[in-house]
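A.B. asks: Right, I'll just put the structure down here and ask away after.
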Amino acid sequence: MYTYLILNILSFFFPFILSFDKKVAFYKSWKALFPAIFIIGAWFIIWDVYFTEWGVWEFNDAYITGIKFLGLPMEEWMFFFTVPYACVFIYACLNVYIKRDILEPYAKGISYGILFLSIILTITHWDHLYTRVTFFSLTILMLLNVFVIRGKYMGRYYLAYLVSLIPFLLVNGVLTAYPVVIYNDLENLGIRIGSIPADDTGYLMVLLVSIINIYEFLENRSSKKEVVVRSVSQVGS
C-alpha cells in the first residue's frame, strides 16, 4: 500500500495545476522557488538521514514503495519538494488575493514571541534530540530574521504558515496515524496534536521560513534586474 507516495502526489498535484492560473501565475516564480527548495531541502535531507539512523523516527515498510536512498524512502525525498511547493504556493496565492498585509503590525511581536518560546524549549528539552535541534534551529532563524534580514514579508509569511498548517496537519495526521512515520517519543516533547508530535509545527516553520527567505531574496533580485533592463531599453529607444 503506497500511502506515502499517494500523499506526496496529491500534495503536489493541485498546487501544480493551479500554478498556471492567470492571476497568480505561480509558474513565473519557479526560477526563485526551485533553488530555494533545493538549497534548504539538501540541509533537511542531511538532518533526516541522521535522525533516521539515530532512531528519532523510522518508516513503516508496509506503507512505502521500499525504494530507498541513503536510508530514506523515496517518498521522504519527495516530501521535501512537494510540501514546500504546496506551502509556498499558498503563500503566493494569499499575497495576490489578500492585498492588505493583515499581520504586518504584529509581525515583529510574533517573531519575538516565537524566539522566546524557541529558546525556552531548547533549554528545557535539551536532552530530547528532535526538540533540541528543531527549536535551536528556529531560534537561530528568528534571530536572523529579527536582527539581520528584517524581511518586510514576515506578516504575510505568518499568515501563510497558519493556513499551511491545515493541509500539513492533515497529511501528517495520515502519516502518523497509520503510522507511515513512527516517532520515538523519548526524543521529542511527548505532546501530540492528535497523532502528530507537536515538534512538527516547529519543524514546518523552520522549513518554510528558510525557503521563504531565499525565495524572497531571489524574487527581489529578479525584479530589480527586470527594472534595470527595462530602464536601459527605454533609454536606448
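A.B. asks: Assigning unit charges at the beta carbon (Lys, Arg +1; Asp, Glu -1) and nothing else, what dipole magnitude in debye, to the nearest 20, does the stretch 3-221 show about its Cα centre? It would help to have the intermediate numbers written out before the result.
C.D. replies: On the way: 14 positive and 16 negative charges, 238 e Å.
With only Lys, Arg, Asp and Glu charged at Cβ, the dipole is about 1140 debye.
A.B. asks: Related question: Quick one: which residues, 5+ away or cross-chain, put their amide H under 5 Å from the amide H of S19? H built at 1.01 Å from N.
C.D. replies: Amide H to amide H, under 5 Å and 5 or more residues apart or across chains, S19 pairs with nothing.
A.B. asks: Work from the charge dipole of the chain (Cβ charges, +1 for Lys and Arg, -1 for Asp and Glu, about the Cα centre) and give the residue of Y215, A198, L115 farthest towards its positive end.
C.D. replies: Positive-end residue among those listed: Y215.
A.B. asks: Follow-up. Within a 10 angstrom radius of the beta carbon, how do M74, M1 rank from fewest other beta carbons to most? Show your work: numbers first, answer last.
C.D. replies: Values: M74 16, M1 10.
So the ranking, lowest neighbour count to highest, is M1, M74.
A.B. asks: Also: Roughly what angle does helix 129-144 make with the longest principal axis of the chain, taking Cα atoms, 0 to 90 degrees, to the nearest 10?
C.D. replies: Between helix and principal axis, roughly 20 degrees.
A.B. asks: How charged is the neighbourhood of I214? Take every other residue with its Cβ under 15 Å from the Cβ of I214, and add Lys/Arg as +1 and Asp/Glu as -1.
C.D. replies: Details: positive: K31, R221; negative: E216, E219.
So the environment of I214 carries a net charge of 0.
A.B. asks: Same structure again: Give the aspartates and glutamates reachable from K23 as a straight Cα distance under 12 Å; neighbours fewer than 8 places away on the same chain don't count.
C.D. replies: In chain and number order, there are no partners.
A.B. asks: How charged is the neighbourhood of F51? Take every other residue with its Cβ under 10 Å from the Cβ of F51, and add Lys/Arg as +1 and Asp/Glu as -1. Could you put the intermediate results ahead of the total?
C.D. replies: On the way: positive: none; negative: D48, E53, E58, E187.
Once all neighbours under 10 Å are counted, the net charge is -4.
None of the figures in this text is laboratory data; all of them are computed from the coordinates on show. Note that the coordinates shown come from a computational prediction; the quantities given were computed from them, not determined experimentally. Counting neighbours? That spans all protein chains shown, and the Cβs are built from the backbone with ideal geometry, glycine included.
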